[in-house]
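K.L.:
Dropping a structure here in structure tokens format, bear with me for questions.
Taken together, the values in this text are just the output of simple stated rules run on the coordinates, not laboratory data. This is a predicted model, so every value here is computed, not measured. Neighbour counts run over all protein chains shown; Cβ positions are idealised from the backbone, glycine included.
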Amino acid sequence: MKKIIIGNWKLNLDHLEAIQLLQKLNYSLEVDIEDNIDIVLAPSHTSLRSLQTIVDADKLKIKISSQDVSAYQSGAFTGEVSASQLCKLNIGYSIIGHSERRTLFNESDEIVNLKVHNSIDNKIVPIICFGESEELRNNNEYLPHIINQVNSSVKGIRKDKVEEIIFAYEPIWAIGTGKVASTEDAIEVLSAVKEEISSKPYYDQDKIRFIYGGSVSPTNATELLNSKIIDGALVGGASLDTEKFVQIIKSIKL
Ligand code: 13P
């Protein structure tokens, strides 16, 4: 399976700074890396058009993702950005159900599911995030919670419509804390999710990737990313530092 490294820039950088960071990253990557690893950047909505235009004009191999997408298609939903609007910009991916959206913006499993449907209907690859709180982990209740989140997110998805899906395990206690999950913990969860998904009719082995996110850094990337079970990483803080991000990408043994 081709590995994927996604940089989630969160609420950082204006569109000029985003352009600079994209170009710096592009100059720092060798052709063989870009051919063998999918590299995706998720800037704020205001930078999507600028970055995608550069990618298209200069035929870069780096891909662009949104950080979110509306659960609605069109109409009286002030402030929302729809999947078809993103599709029109050539955006190929969208992060969906990030824990920051679930907890800070009350995003329910039902909303996440609608967003996944809208993305797939518009040929946008959903990067579906899920993960447990520290409390659920400490009480050893994390697996049922995660399986429930995953099943809810893909409810009603039909195999014939799916080109690609990315499932991203992001334990809440590991996000922005420096407390990375152990490789064994990540493998345990991703194996359970993979087993669950493989029992579904929409599962296509070659099109689904299972990745990890939460305090990924150059220090811990080598072990995490060279495991057969972990198909890549969703990187927050370290993706804003080109040197660190490139080190993470280069820690994958080709
Ligand atoms: P950090 O890498 O900063 O922990 O963030 C992870 C994350 O939330 C990526 O989506």
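K.L.:
Give the lysines whose C-alpha is closer than 18 Å to that of Lys24, dropping any in the same chain fewer than 8 places away, or say none.
P.N.:
Straight-line reach from Lys24, under 18 Å: Lys59, Lys61, Lys63, Lys244, Lys250.
K.L.:
Once phi is turned into ³J(HN,Hα) by the Karplus curve 6.51 cos²θ - 1.76 cosθ + 1.60 with θ = phi - 60°, what whole-Hz value does each residue of region 188-196 show in order, with x for glycine and proline?
P.N.:
Coupling constants for region 188-196: 4, 5, 5, 5, 5, 5, 4, 5, 4 Hz.
K.L.:
Taking the simple approach of a point 7 Å from Cα along Cα-to-Cβ for both Ser191 and Thr222, what is their distance in nm?
P.N.:
2.4 nm
K.L.:
Fewest to most neighbouring Cβ within 10 Å: what's the order for Leu21, Leu16?
P.N.:
Details: Leu21 23, Leu16 10.
Final ranking by Cβ density, sparse to dense: Leu16, Leu21.
K.L.:
Would you work out the relative contact order for region 33-143, in percent, from Cα pairs under 8 angstrom that are 6 or more residues apart?
P.N.:
23 percent
K.L.:
Given an 8 Å cut-off on Cα distances and at least 6 residues of separation, report the relative contact order of the chain as a percent.
P.N.:
That works out to 19 percent.
K.L.:
With label points built 7 Å along Cα→Cβ from the Cα atoms of Lys200 and Asp14, find their separation and express it in nm.
P.N.:
About 4.1 nm, to one decimal.
K.L.:
Separate question: Give the residues of region 87-108 whose amide nitrogen is closer than 19 Å to a point set 7 Å from the Cα of Arg49 in the direction of its Cβ.
P.N.:
87-93
K.L.:
Express the C-alpha Rg of the chain as a ratio against the empirical globular expectation 2.2 N^0.38 Å, rounded to two decimals.
P.N.:
Ratio of Cα Rg to 2.2 N^0.38 Å: 0.94.
K.L.:
If you rank Asp241, Asp38, Asp58, Asp206 by fewest surrounding Cβ atoms within 10 Å, what's the result?
P.N.:
Lowest to highest Cβ neighbour count: Asp206, Asp58, Asp241, Asp38.
K.L.:
For region 1-25 and region 88-109, what is the separation of their C-alpha centers, rounded to whole Å?
P.N.:
Taking the Cα centre of each part, region 1-25 and region 88-109 sit 17 Å apart.
K.L.:
Which order results if Tyr27, Tyr72, Tyr142, Tyr169 are arranged by neighbouring Cβ count within 10 Å, fewest first?
P.N.:
Tyr27, Tyr72, Tyr142, Tyr169
K.L.:
Normalise the Cα radius of gyration of region 114-197 by 2.2 N^0.38 Å (N = residues in it) and let me know the number.
P.N.:
1.16
K.L.:
Subtracting the Cα-Cα distance from 0.36 nm times the residue separation, let me have the gained length for Glu141 to Phe105 in nm, one decimal. Display every interim value, and only then the final one.
P.N.:
Values: separation 36, 0.36 × 36 = 12.96 nm, distance 2.36 nm.
Here the answer is 10.6 nm.
K.L.:
In sequence order, what are the phi-derived ³J(HN,Hα) couplings for region 101-115 according to the Karplus relation 6.51 cos²θ - 1.76 cosθ + 1.60 with θ = phi - 60°, rounded to whole Hz, with x for glycine and proline?
P.N.:
3J(HN,Hα) across region 101-115, in whole Hz: 6, 5, 8, 7, 10, 6, 7, 8, 4, 5, 5, 4, 4, 4, 5.
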